[in-house]
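*Asks:* The structure that follows is given in the form of structure tokens.
The values are calculated or read from the model by the stated rules, or taken from the named source; none is laboratory data. For clarity, every value in this text was computed on a predicted model and none was experimentally measured. Note that we place each Cβ from the backbone using ideal geometry, even for glycine, and neighbour counts take in every protein chain shown.
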Ligand SMILES: [Zn+2]
């Protein structure tokens, strides 16, 4: 599932491909992805519009259009954008195809999504799903005092689940939470309310560390869709930027890693060097 770094990578691609450009036409018949609009209304509303800017908050993208409307995008489990070469056939599982004109050049940008859990939501104003998001660790930074205040109200939840709560911090998913807690040496099962100020500073540092590393790894693939790192095959894991996700041995102390289910998600941690609070 794409997390903050994959979505930021997507934003950078879309800025290069679509910002300042005009959408000459759109093709879709996918009523689920463009809901609540009907595909025909979605196509009509976007045709001829110019893309003014593309922002990201957590795992959501927002494309501002020249008529004041905005297109919110969530990649769901398997969504991605691809820019097609001239004459290139559209990829399998293309759900929405944009004809993007910049100057005299016209190129197609495809929204591809095999499982169709993504959204392309066109709205006149900012939607609650965007405004209710917590601060974004990359663009807003992490205010340790504000984080402490939010966690104190969630006494019964584990720190791992709290970090993945999009109203606390936007964009942190399963992998980034696993990696950050490993870096901070904190057991993911610890109660969120038991974190000291030093713990939260270590978590903030751990999140910056893992997000920056993942972004650097993705940057090698400029103009290509974000690799779905979480779905990389076993033989590709040696090249993965992750230190414990998808691995079996702790690279810091050599212990066998453990796995537990927290909030329905498999959570890897080191039982030796990640201490319970
Ligand atoms: Zn360890």
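*Asks:* Considering only residues of the range 14-53 that are over 12 Å from residue 100 (Cβ atoms) and surrounded by 22 or more Cβ atoms within 10 Å (Cβ to Cβ), which is nearest to the chain's Cα centre (by Cα)?
*Replies:* 33
*Asks:* Here's another thing I want to ask about it. Being within 15 Å of the chain's Cα centre (by Cα) and either free of Cβ contacts under 8 Å to residues at least 24 places away in the same chain or under 23 Å from residue 31 (Cβ atoms) (or both): is that true of residue 103 here?
*Replies:* The answer is no for residue 103.
*Asks:* May I ask you to say which residue of 216, 226 is crowded, with 21+ Cβ neighbours inside 10 Å and either at pLDDT below 95 or in a loop (DSSP other than H, G, I, E, B) (or both)? Let's see the steps before the verdict.
*Replies:* On the way: 216 fails: crowded, with 21+ Cβ neighbours inside 10 Å.
Only one candidate qualifies: 226.
*Asks:* Let me ask something additional. Quick check on the range 132-147: of everything there that is without any contact (Cβ under 8 Å) to a residue 60 or more places away in the chain and buried (at least 16 other Cβ atoms within 10 Å of the Cβ), which residue is nearest to the chain's Cα centre (by Cα)?
*Replies:* The selected residue is 135.
*Asks:* Between residues in the range 261-273 that are farther than 14 Å from residue 242 by Cβ and modelled with pLDDT under 95 and residues that are part of a loop (DSSP other than H, G, I, E, B) and away from the ligand (no atom under 15 Å from the Cβ), which pairs lie under 7 Å by C-beta distance while being six or more apart or on different chains?
*Replies:* 263/164
*Asks:* Sticking with this structure for a sec: Within the range 178-186, does at least one residue satisfy the condition of being within 15 Å of the ligand (Cβ to nearest atom), under 18 Å from residue 137 (Cα atoms), in a loop (DSSP other than H, G, I, E, B) and modelled with pLDDT of 95 or more?
*Replies:* Yes.
*Asks:* Report the residue count in the range 264-277 for those that are assigned to a loop (DSSP other than H, G, I, E, B), surrounded by 14 or more Cβ atoms within 10 Å (Cβ to Cβ) and away from the ligand (no atom under 11 Å from the Cβ).
*Replies:* 1
*Asks:* Looking at residue 60, is it in contact with a helix residue (DSSP H, G or I) (Cβ under 9 Å, 6 or more places away or on another chain) and at pLDDT 95 or above?
*Replies:* yes
*Asks:* Those residues that are over 12 Å from residue 182 (Cβ atoms) and either assigned to a strand (DSSP E or B) or more than 11 Å from the ligand (Cβ to nearest atom) (or both), I need them from the range 243-262; list them, please.
*Replies:* Keep residues of the range 243-262 that are over 12 Å from residue 182 (Cβ atoms), which gives 246, 248-249, 254, 256, 259-262.
Of everything in the range 243-262, those that are over 12 Å from residue 182 (Cβ atoms) and either assigned to a strand (DSSP E or B) or more than 11 Å from the ligand (Cβ to nearest atom) (or both) turn out to be 246, 248, 249, 256, 259, 260, 261, 262.
*Asks:* Same structure, new question: Six or more apart or on different chains, Cβ atoms under 6 Å: show the pairs whose first residue is in the range 238-258 and more than 28 Å from residue 221 (Cβ to Cβ) and whose second is more than 10 Å from the ligand (Cβ to nearest atom) and in a loop (DSSP other than H, G, I, E, B).
*Replies:* Taking only residues 6 or more apart or on different chains, not a single pair turns up.
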